[in-house]
Amino acid sequence: MPGRVLRGLAGAVLAAALVLAAPLAGGSTTGPDPELRRALRAALESSDSFRNRFDAQVWLLDMSARLAPRIPDPARRLRLLRMVHYEAKRAGLEPEWVLAVIEVESAFNRFALSTAGARGLMQIMPFWLEEIGRPEDNLFDVATNLRMGCTILAHYLERENGDLTRALARYNGSVGERWYPARVYRALEERWYAQ
């Protein structure tokens with residue numbers, strides 16, 4: 001049975017196709033950052049994020065078991081995990097960070113809509129679609145949302161010289177406060193970091 005599961009997972013990993021993405025989360029009160037706008041455009045123009053098949057199987061099986069209570073459908077869960085891993089690695093982030101952000105931002109609801117208008121898994125603000133010249137993109141599209149969210153978080157991490165706490169606060173629009181990073185760190189420790 002485990003061999004069949006691993007072979008099936010490997011097939012799912014190989015079959016998962018990524019669609020180019022679009023928009024982003026956190027906002028600033030001073031207007032869009034030109035460097036972030038460039039990073040988002042570049043991200044949309046840009047295989048595989050795993051070093052080898054074994055690494056893919058181990059990570060996907062582990063994370064799939066952790067995500068099962070939130071996304072019962074195994075095929076949907078594996079597709080999402082594959083996309084999260086790809087987009088996180090593409091942006092230079094740890095995939096577990098992205099999973100924790102998604103948990104805090106949307107509880108894995110791809111159709112989440114905040115009172116401020118942020119959309120999707122990573123709660124991307126719609127103004128980014130106009131800012132990067134892609135108003136036709138759909139922020140509820142998982143691939144688009146992940147591409148944009150990972151690009152934004154990576155941009156803020158670079159801007160904060162690798163300080164993840166400050167980057168997370170900036171992503172959430174709560175720079176100077178610690179409540180949001182604390183929620184992400186709690187999710188990381190309780191669910192997403194490998195034991």
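Mind giving me the nanometre distance, one decimal, between the label points for R76 and N138, set 7 Å out from Cα along Cα→Cβ?
Here the answer is 1.5 nm between the modelled labels.
Length gain on complete extension for the stretch R191 to S174, per 0.36 nm per residue less the alpha carbon to alpha carbon distance?
That pair, R191 and S174, stretches by 3.8 nm at full extension.
Measuring from a point 7 Å past the Cα of R53 along Cα-to-C-beta, which residues in the stretch 80-98 have an amide N at less than 20 Å?
Correct set: 82-83, 86.
Enumerate the amide H contacts of I124 below 5 Å, restricted to partners 5 or more residues apart or on another chain; note that Pro and chain-start residues carry no placed amide H.
R119
Give me the distance in nm between label points sitting 7 Å out from Cα along the Cα-to-Cβ direction at F111 and E158, one decimal.
Rounded to a tenth, the inter-label distance reads 3.6 nm.
Laboratory data are not the source of any read-out in this text; all were calculated from the coordinates shown. Only a predicted model underlies this, so the values are computations on that prediction, with no experimental measurement involved. Cβ atoms come from the backbone with ideal geometry, glycine included; neighbour counts cover every protein chain shown.
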